1. Residues of segment 128-155 with the amide nitrogen closer than 16 Å to a label point 7 Å from the Cα of residue 171, along Cα-to-Cβ, please.
2. Could you grab the relative contact order for segment 114-216? Cα pairs under 8 Å, six or more apart, rounded to a whole percent.
3. Can you give me the distance in nm between label points at residue 214 and residue 61, each placed 7 Å from the Cα along the Cα-to-Cβ direction?
4. When the Cα centres of segment 22-49 and segment 129-173 are compared, how far apart do they sit, in Å?
5. Hey, with R₀ at 25 Å, roughly what FRET efficiency would residue 134 and residue 193 work out to, going by the Cβ-Cβ distance, to 0.05?
């Protein structure tokens, strides 16, 4: 079974931005992209790259985990409708998304079946699948896939964000640029480092690179 869909990332980003009183142009300036790109992300016309997603969540002082978590009011649930309708989602799907959004403290697990994982499709050939969540923690526990040619940054730039990350590659090859060094990860290899160190992942191979990532975003409110 394919991974379960999650409510549109763009709608969640827009909700967080408006809740903090940040204009679209101000957010764009803060993360160094065009206002047009931010608008396209919020309306679901474009998906953010990994680096852009982390830049946005850092600027808005939220964790990436919060993009999976629930909306806390009806207005936020209503924000789901335009993006979902634009994608052709039927009313039953909208109701399902509203139900998904109803409980911000819900636990994911303790068992998450292979066919029931929630997934975020990002730009540049990257897919995140949520492996679990314990309420009250700012931790991203993810199955990450970099398709051939996939990269955490479509521009080639390095990213930085709060927290510490641990990764274990199970298939394919992944190139990690960490500071001034490059490391080639192969199945069975593991990495760990402070996420404030400039870094970037890319898949130069012909096969998908798949691994389990655990990113602790301590300090992000």
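Bear in mind that the values in this text are calculations on the coordinates, not laboratory data. What you see is a predicted model, and the numbers here were worked out from it, not measured in a lab. With ideal geometry, Cβ positions are generated from the backbone for all residues, glycine too; neighbour counts draw on all protein chains shown.
1. 128-130, 143-150
2. It rounds to 33 percent for segment 114-216.
3. 2.9
4. Using only Cα atoms, the two centres lie 21 Å from each other.
5. Taking R0 as 25 Å, the efficiency between residue 134 and residue 193 is 0.60.
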